1. Which count do you get for residues in the range A:233-243 that are buried (at least 24 other Cβ atoms within 10 Å of the Cβ) and either in a helix (DSSP H, G or I) or modelled with pLDDT under 85 (or both)?
2. Say we look at the range A:107-124 and pick out the residues that are within 13 Å of chain B (Cβ to nearest Cβ) and in contact (Cβ under 8 Å) with a residue 60 or more places away in the chain; which of these is nearest to the chain's Cα centre (by Cα)?
3. Could you name every one of the helices (runs of 4 or more DSSP H) located completely within the range A:17-128 that has at least 2 residues being closer than 22 Å to residue A:252 by Cβ?
4. Against the conditions (1) within 14 Å of chain A (Cβ to nearest Cβ); (2) buried (at least 22 other Cβ atoms within 10 Å of the Cβ); (3) farther than 28 Å from residue B:78 by Cα; (4) in contact with a helix residue (DSSP H, G or I) (Cβ under 8 Å, 6 or more places away or on another chain), where does residue B:263 fall short? Just the number, please.
5. For a quick check of your reading of the model, give me the residue pairs whose first member lies in the range A:131-147 and is more than 14 Å from chain B (Cβ to nearest Cβ), whose second is not in a loop (DSSP other than H, G, I, E, B), with beta-carbon atoms closer than 9 Å and at least 6 apart or on different chains.
6. Output yes when any residue across the range B:103-116 is within 16 Å of the chain's Cα centre (by Cα) and buried (at least 24 other Cβ atoms within 10 Å of the Cβ), and no when none is.
7. For the range B:329-422, please list each of the helices (runs of 4 or more DSSP H) lying entirely inside it that holds at least 2 residues being away from chain A (no Cβ under 14 Å) and touching a helix residue (DSSP H, G or I) at 6+ places or on another chain (Cβ under 7 Å).
8. Would you pick out the residues in the range B:43-84 that are over 16 Å from the mean Cα position of the chain (by Cα) and part of a strand (DSSP E or B)?
């Protein structure tokens with residue numbers, strides 16, 4: 001009995017440093033944001049209060065809905081492409097590259113783009129995709145097009161392209177990790193039982209990599225939904241997502257309104273993750 | 001929102017030298033503060049935050065300037081919310097309208113400013129020349145004076161208590177790529193001309209962008225504003241209606257928020273006509289790309305920067321701040337800024353620090369006789385070049401409106417967000 005109590009105490013003591021850090025750097029700031037979201041603001045000051053006007057304005061404005069739909073659109077598109085690319089790359093690495101050395105080499109190759117900063121990787125697309133950029137000049141010289149293609153840059157296309165470029169690795173890593181832990185004898189057994197390659201992929205590998213996919217999905221979806229800089233730069237400031245709405249508010253000193261938007265965004269993301277987690281119990285399958 | 005701090009690094013040796021010079025005290029400029037280690041923290045929009053100025057201020061006055069530069073919104077925010085974080089606020093007049101009522105700045109006693117009488121009329125009576133008309137918007141003289149030392153109001157006459165002293169200002173217009181347009185551009189309405197579909201841009205800073213929009217709407221003949229600088233809700237709706245439709249029709253290639261973005265858009269040919277700032281034009285030209293700061297029939301949209309004193313300043317620090325401001329207006333800084341294409345508050349004194357050719361080119365609108373070189377030593381124009389728009393009087397005399405903060409500012413900002421999301 002005493003031993004059990006000690007165990008419980010030791011357990012609490014062991015998690016307490018982490019808990020303390022999370023409490024100070026995560027829970028308290030979020031509480032602060034929640035409190036400020038009920039305050040009022042004039043052009044140059046914020047006034048402690050308890051009013052719902054920030055939320056009323058947020059839910060009453062058609063911009064909010066456009067912007068949230070836009071945010072979801074970017075998240076879904078980016079997820080689709082990062083998943084297709086990430087899954088293929090991980091599959092190739094895990095099942096087609098035989099030796100461990102080469103697996104490690106190829107995996108490191110995937111991380112090379114991460115040696116420069118996110119922002120530089122994103123901005124380097126601009127001269128590439130521009131009206132007189134490399135992509136357009138190449139296409140014209142090959143005779144594929146006569147006139148430069150305009151939608152390559154400052155469009156939804158360029159936004160999603162940049163997102164996919166930046167975030168695909170977040171999909172590759174967890175999927176690769178779960179794939180490596182699949183017991184190879186399961187695949188052998190499936191093959192012995194007469195399953196085709198496609199059947200093995202669909203009925204054996206895909207279900208077993210679900211936790212990896214889910215972790216990758218959470219990474220990608222939360223990162224895309226919280227972003228504001230990529231959307232601003234790659235769309236040439238022409239489209240907005242929730243992050244931009246918040247950053248606009250902050251730059252105009254409308255902290256309460258920014259907080260209210262942030263709280264709604266936070267809840268939205270939590271709901272999305274909650275739904276995702278209903279499909280897969282990550283803890284059970286890890 | 002990148003902030004960077006500039007501090008003039010000075011060795012003990014230079015400090016000693018200045019000290020000796022002070023002790024010698026021959027004609028050592030007004031007064032030297034080196035011994036007292038006065039540090040003034042200047043925060044602001046970065047347009048005038050040059051290391052060269054800080055360095056020269058230390059040499060001449062012995063005052064150490066710590067300059068922090070940020071975008072206009074951040075600067076306004078800082079002045080309004082962190083009154084103890086700066087000694088001198090280097091902001092713009094429209095920001096002054098927003099932040100002055102907070103009481104975080106103190107008024108300046110005009111009798112302590114040596115060159116007060118020589119400050120350009122635009123900042124005192126509002127009239128550049130006795131016959132000029134006062135432009136719409138937040139004209140600097142309307143927020144340039146207050147009722148007394150601790151006044152938080154604005155008064156419309158020269159009360160002897162200034163809110164800001166003007167530092168630099170300029171007249172803005174559209175920038176164009178003449179080589180890609182190949183025809184004369186004379187009106188603001190060209191920004192929305194379908195001929196430039198997908199090749200136009202406007203700046204994504206609401207308080208400035210709305211004024212450019214208003215210039216365009218008036219030029220198109222769609223509407224004549226009683227006061228562009230203070231629109232009603234209906235006028236704001238009308239303006240954004242026209243621009244939202246243009247945006248949906250694909251008129252704009254992009255919007256820009258930072259100086260570099262505007263330079264890149266123009267230099268790469270993504271955009272051939274856009275709202276632009278004067279030094280950005282120079283930056284495009286220095287890449288060998290032709291670019292013109294096109295004077296337009298309807299006139300210019302102007303802006304003015306000014307420095308204010310923090311309310312917390314007192315005693316020796318306040319004296320030092322006055323000393324710094326008097327030095328600022330005494331000419332060296334003016335010459336330095338005029339050679340970048342800006343105007344200084346006291347043009348007369350700047351003349352002493354510029355060559356005749358420089359003065360002729362930048363101020364009088366005359367053809368350059370030799371190469372025009374920036375203070376940093378880069379060649380800006382060759383002999384024979386004439387400044388776009390001509391002389392100081394031609395350019396500043398044709399100001400149609402000033403950057404503004406409207407009574408309906410919050411409504412306008414919300415509409416701006418809608419416009420971006422549309």
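1. Qualifying residue count for the region: 2.
2. First, pick out the residues of the range A:107-124 that are within 13 Å of chain B (Cβ to nearest Cβ): A:119, A:123-124.
Now narrow it down to the ones that are in contact (Cβ under 8 Å) with a residue 60 or more places away in the chain: A:119, A:123.
Values: A:119: 16, A:123: 19 Å.
Ranking the candidates gives A:119 first.
3. Numbers: elements: A:28-36, A:53-60, A:62-91, A:100-111, A:118-123.
Here the list reads A:28-36, A:53-60, A:62-91.
4. Only one criterion is unmet by residue B:263, namely (3).
5. Qualifying pairs under 9 Å: A:144/A:138; A:145/A:136; A:145/A:139; A:146/A:140.
6. Filtering the range B:103-116 for residues within 16 Å of the chain's Cα centre (by Cα) gives none.
Checking the range B:103-116: not a single residue is within 16 Å of the chain's Cα centre (by Cα) and buried (at least 24 other Cβ atoms within 10 Å of the Cβ).
7. On the way: elements: B:332-338, B:347-351, B:356-362, B:392-396, B:409-421.
Correct list: B:332-338, B:347-351, B:356-362, B:392-396.
8. Residues satisfying the conditions are B:64, B:65, B:66, B:67, B:68.
The values are calculated or read from the model by the stated rules, or taken from the named source; none is laboratory data. None of these values were measured; they are calculated from a predicted model. Counting neighbours? That spans all protein chains shown, and the Cβs are built from the backbone with ideal geometry, glycine included.
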